[in-house]
Amino acid sequence: KDYFIRTDGSNISSGISFSNVQGSYFFAAQDIDSEGASLPVTLIIDDVDISGYSSLQLKVYIAEDDDGSNQDWDHNDYLKIDYDIDNTGSFSNGIHVQAEVASSSGSNYVPRIDTNFDGIGNGTEITNTFTQFSTNISGTGSLIDIKLTFDLDSGDEDIAVDNIEILGTASTSVDAPT
């Protein structure tokens, strides 16, 4: 069963199992183009108010379920979570998940965090346990957009995302007591 859906886990593939879910629902995707979608597909969280905050940070829980015998990601699969401050139309790299290979072909590789944004997963492995990943956001402004871009085009390739947060330090000050 292929999907691109907000779910509690009950209406996705029966072989998919995630642990450490952060709430009642999460967002999940599997083999997105088999249902007719053109890849990549995006999910945008638009115009989050960040005015008055500095030292911004993006945090998100991510999980992926293998098929029980091996990993499922092909060399060209990815999830990219990027951000744009003040609607410039230009997104900056946030957190990327890619297959752990550099070749231009092949299948059934481990999905990992791409720490240097070169298209190769070289960081922490994504497993079926929701794990929190974070990155600092350079700059500040009034609004921020978060864009999740998914490209999963074969059977059993899946990803799940939960509890997306933007954190920062409030810039308001308290008057000194007199």
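Size of the dipole of the stretch 98-171 about the Cα centre, Lys and Arg at +1 and Asp and Glu at -1 on the beta carbon, nothing else charged, in debye to 20?
300 debye
Under 10 Å, Cα contacts only: if you run a Gaussian network model on the chain, which one of 140, 127, 88 comes out with the highest mean-square fluctuation?
Comparing 140, 127, 88 in a Gaussian network model of the chain, the most mobile one is 88.
Any chance you could look up the accessible area of residue 27 with a 1.4 Å probe, heavy atoms only, rounded to 10 Å²?
Surface open to solvent at residue 27 totals about 40 Å².
Which net charge results for the neighbourhood of residue 58, defined as the other residues with beta-carbon distances under 11 angstrom from its beta-carbon, given Lys and Arg at +1 and Asp and Glu at -1?
For residues surrounding residue 58, the net value is -1.
To the nearest 10 square angstrom, how much accessible area does residue 44 have with a 1.4 angstrom probe?
Taking all protein chains as shown, residue 44 has close to 90 Å².
Work out from phi, with θ = phi - 60° and the Karplus expression 6.51 cos²θ - 1.76 cosθ + 1.60, the ³J(HN,Hα) of each residue of the stretch 44-57, listed in order in whole Hz, and give x for Gly and Pro.
10, 9, 9, 6, 7, 6, 10, 4, x, 10, 10, 6, 6, 9
Search the structure for amide H atoms under 5 Å from the amide H of residue 142, placed 1.01 Å from N in the peptide plane, and list their residues when 5 or more places away or on another chain.
86
About its Cα centre, what dipole magnitude does the chain give when the only charges are +1 on Lys and Arg Cβ and -1 on Asp and Glu Cβ, stated in debye to the nearest 20?
Its charge dipole is roughly 540 debye.
Could you list which residues have their amide H under 5 Å from that of residue 115, counting only those 5 or more apart in sequence or on another chain, with H placed in the peptide plane?
So residue 115 has HN proximity to 122, 123.
Probe of 1.4 angstrom, ligands and nucleic acids ignored: what's the accessible area per residue over the chain, in square angstrom?
Using a 1.4 Å probe on heavy atoms only, each residue of the chain averages 49 Å².
Among 104, 139, 126, which residue has its Cα positioned farthest towards the positive end of the charge dipole of the chain, with +1 placed on the Cβ of Lys and Arg, -1 on the Cβ of Asp and Glu, and the dipole taken about the Cα centre?
The one lying farthest along the dipole's positive direction is 139.
Express the relative contact order of the stretch 1-152 as a whole percentage, based on alpha carbon pairs under 8 Å and six or more residues apart in sequence.
With pairs under 8 Å counted, the relative contact order is 33 percent.
With θ taken as phi - 60° and the coefficients 6.51, -1.76 and 1.60, list the Karplus ³J(HN,Hα) couplings across the stretch 32-42 in order, rounded to whole Hz; mark glycine and proline as x.
4, 7, 5, 8, x, 6, 8, 8, x, 10, 10
Using a basic spin-label model with each label point 7 Å from the Cα along Cα→Cβ, how many nm lie between residue 5 and residue 54?
The modelled label-to-label distance comes out at 4.6 nm.
Relative to a virtual label point 7 Å from the Cα of residue 153 in the Cα→beta-carbon direction, which members of the stretch 1-39 show backbone nitrogen distances below 18 Å?
Output list for this probe position: 2-4, 29-39.
To the nearest 20 debye, what is the magnitude of the charge dipole of the stretch 1-68 about its Cα centre, counting +1 on the Cβ of each Lys and Arg and -1 on the Cβ of each Asp and Glu?
About 260 debye.
Could you estimate the translational diffusion coefficient of the stretch 2-90 from the Stokes-Einstein equation, with Rh from the Kirkwood formula over C-alpha pairs, at 20 °C and 1.002 mPa s, in whole µm²/s?
135 µm²/s
Two decimals is fine: what is log10 I(q)/I(0) at q = 0.11, 0.12 Å⁻¹ for the chain, from a Debye sum with one equal scatterer on every Cα and no solvent?
-0.48, -0.57
Could you check which residue among 128, 76, 116 shows the biggest mean-square fluctuation in a GNM of the chain with a 10 Å Cα cutoff?
Judging by the Gaussian network model, the answer is 116.
The values are calculated or read from the model by the stated rules, or taken from the named source; none is laboratory data. Keep in mind the model is a prediction, meaning the values are calculated, not measured. Here Cβ is always computed from backbone atoms with ideal geometry, including for glycine, and neighbour counts include all displayed protein chains. These accessible areas exclude ligands, DNA and RNA; they are computed on the full protein's heavy atoms, side chains included. Shrake-Rupley method; radii C 1.70, N 1.55, O 1.52, S 1.80 Å.
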